[in-house]
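Only one structure is covered here, and it is reproduced in the block below.
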Amino acid sequence: MNLCHAEKGWNDLWSAYLATIPPRRVKTPAQLVTNGYRPKIHVGASKATTSLITQIRTEKIGLNAFLADRRVPNKTPECSCGRPRQTAKHILYYCSEYADRREELFKAAGTKDYSKMLATARGAKAAAKWLQQTGLLPQFSLGLNEFPEPQTVATTRNSPPQAGTVRNRAE
Ligand SMILES: [Zn+2]
């Protein structure tokens, strides 16, 4: 199954656009649904795995970068490897601390392309399983899918949304 050129071109443009959004900027729900998203990627996945796949895709996940963005106490965004932001993509794709396990991930996922990995049921499930096996997500193992609101939220809750941003909503 190949994407037609037009769709692939659009996806590339969309990916490039998303990459220009600063990580601290809250993305709109449409932006959170990344390119290539198909609901069928969740077919056959457990509820826990489905939740984790969503967390990986949205980067709303219990890794240092997101937790620090949410101002979780005693959390800084750095990865233990020294890189400045510990995100799901960093761990899955770039982190030197897991370099020796990455081939295993690519093999299970059936692709070395990160966006393709998250756009297929096989790839997304492999990514979720692999990430769980790193032991970096203790919150996830407890079934906690929600994360604390930023502690400063009280000062901004009653102000109107800034232009170009969308408030987080409970799902
Ligand atoms: Zn790292």
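Anything in region 91-112 that is more than 12 Å from the ligand (Cβ to nearest atom) and in a loop (DSSP other than H, G, I, E, B)? List them, or say none. Across region 91-112, the qualifying residues are Gly110, Thr111, Lys112.
Can you pull out every residue in region 115-134 that is within 16 Å of the ligand (Cβ to nearest atom) and surrounded by fewer than 17 Cβ atoms within 10 Å (Cβ to Cβ)? Residues satisfying the conditions are Gln133, Thr134.
For region 73-90, the candidate set comprises residues that are surrounded by 16 or more Cβ atoms within 10 Å (Cβ to Cβ) and part of a loop (DSSP other than H, G, I, E, B); within that set, the residue that is modelled with the lowest pLDDT is Lys75.
Looking at the structure I just gave you, is Arg57 basic (Lys, Arg) and either under 15 Å from the mean Cα position of the chain (by Cα) or within 12 Å of the ligand (Cβ to nearest atom) (or both)? So Arg57 fits the description; yes.
Quick check, is Gly62 buried (at least 16 other Cβ atoms within 10 Å of the Cβ) and part of a helix (DSSP H, G or I)? Answer is no for this residue. Just the residues that are near the ligand (Cβ under 10 Å from one of its atoms), under 12 Å from the mean Cα position of the chain (by Cα) and hydrophobic (A, V, I, L, M, F, W, C), please, taken from region 64-90. Of everything in region 64-90, nothing turns out to be near the ligand (Cβ under 10 Å from one of its atoms), under 12 Å from the mean Cα position of the chain (by Cα) and hydrophobic (A, V, I, L, M, F, W, C).
The values are calculated or read from the model by the stated rules, or taken from the named source; none is laboratory data. What you see is a predicted model, and the numbers here were worked out from it, not measured in a lab. Ideal geometry is used to build each Cβ from the backbone, glycine not excepted, and the neighbour counts take in all protein chains shown.
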